[in-house]
Amino acid sequence: MHGKVERSQAEKEALAEEAWQRALDYELEFGCCPQCVLSVVQELLGGVSDELVKASHGLSGGGALEGKGACGALTGGLIALSTRTGRDRDKLHKGRGMKNFQIGRELAEAFEKEFGGFTCEDLQQAFTGRTYDMWKPEEYKAFSDARGPKCAIATAWVTKWVVRRLLETE
């Protein structure tokens with residue numbers, strides 16, 4: 001769904017709340033935070049292809065479950081924003097596309113303020129008091145048990161923020 005869509009403020013807020021709930025449910029049931037963010041944006045607003053959802057899979061857990069990179073939910077949110085405000089392939093020669101970076105920065109700064117960090121390991125530390133090697137099954141299980149719904153809440157928070165922002169651009 002691209003272009004001008006007339007929605008009331010109440011309709012926009014209802015969509016943002018729906019985004020929060022769906023993303024929470026998806027992360028709790030399926031995992032893979034960037035895919036959950038992108039799937040919900042796809043369902044509620046469109047503009048996200050199945051291929052993009054698939055391509056985001058490797059970004060989970062700070063990138064390939066390594067923990068060192070940005071939180072997968074945050075990464076999924078940045079991708080979702082970029083589907084609307086990012087630089088098109090045929091415009092690579094037209095500059096950096098700073099508007100998209102500014103919107104992404106707003107998300108990243110709000111995320112860091114809300115969750116106390118930016119990387120998957122930052123959130124692991126904030127949520128559980130330590131970091132984990134998610135490639136070791138016993139560590140992955142320990143993280144899963146210790147974090148409870150906290151990653152799902154972060155995923156829901158990002159998705160709601162992104163949906164609100166994308167609704168502003170309609």
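Rule-based calculations on the coordinates, nothing more; no lab input. Computed from a predicted model, the values in this text were never measured in an experiment.
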Inset, instruction - Using only Cα atoms, tell me the angle between helix 98-115 and the longest principal axis of the chain; keep it within 0 to 90° and round to the nearest 10. - result: 40 degrees
Inset, instruction - Could you state the angle between the C-alpha long axis of helix 150-169 and the longest principal axis of the C-alpha atoms of the chain, as a value from 0 to 90 degrees rounded to the nearest 10? - result: 10 degrees
Legend entry - In order through region 52-61: 3J(HN,Hα) via Karplus (6.51 cos²θ - 1.76 cosθ + 1.60), integer Hz, x for Gly, Pro: 5, 4, 4, 5, 6, 3, x, 8, 5, x
Legend entry - Gaussian network model of the chain, springs between alpha carbon atoms under 10 Å - residue of L78, L38, L28 with greatest fluctuation: L28
Inset, instruction - Provide Rg and Dmax in Å for the chain, with only Cα atoms included in the calculation. - result: 15.9, 50
Legend entry - Additional length obtainable on full extension of the chain from L92 to W135, 0.36 nm per residue less Cα span: 11.8 nm
Legend entry - Degrees separating the helix 72-85 axis from the principal Cα axis of the chain, which is the longest one: 10 degrees
Inset, instruction - Return the ratio Rg/(2.2 N^0.38 Å) for region 69-170, where Rg is computed over Cα atoms only. - result: 1.24
Legend entry - Under 23 Å, Cα to Cα: Lys pairs in region 60-150, sequence gap 8 or more or different chains: 9
Inset, instruction - Restricting things to alpha carbons, find the Rg to Rh ratio for region 1-94 using the Kirkwood radius for Rh. - result: 1.01
Inset, instruction - Please build a GNM for the chain, connecting alpha carbons under 10 Å apart, and tell me which residue among K91, K68, K12 fluctuates the most. - result: K91
Legend entry - Anchor K54: aspartates and glutamates whose Cα lies under 19 Å away (excluding residues fewer than 8 positions away in-chain): D25, E27, E29, E43, E66
Inset, instruction - Show the residues, 5+ positions off or on another chain, whose built amide H is closer than 5 Å to the amide H of T119. - result: C71
Legend entry - Max mean-square fluctuation residue, GNM over the chain, Cα-Cα springs under 10 Å, options L92, L123, L44: L92
Legend entry - the chain - mean residue ellipticity at 222 nm from DSSP helices (-39,500 (n - 2.57) per run, n ≥ 4, rounded to 500): -21500 deg cm²/dmol
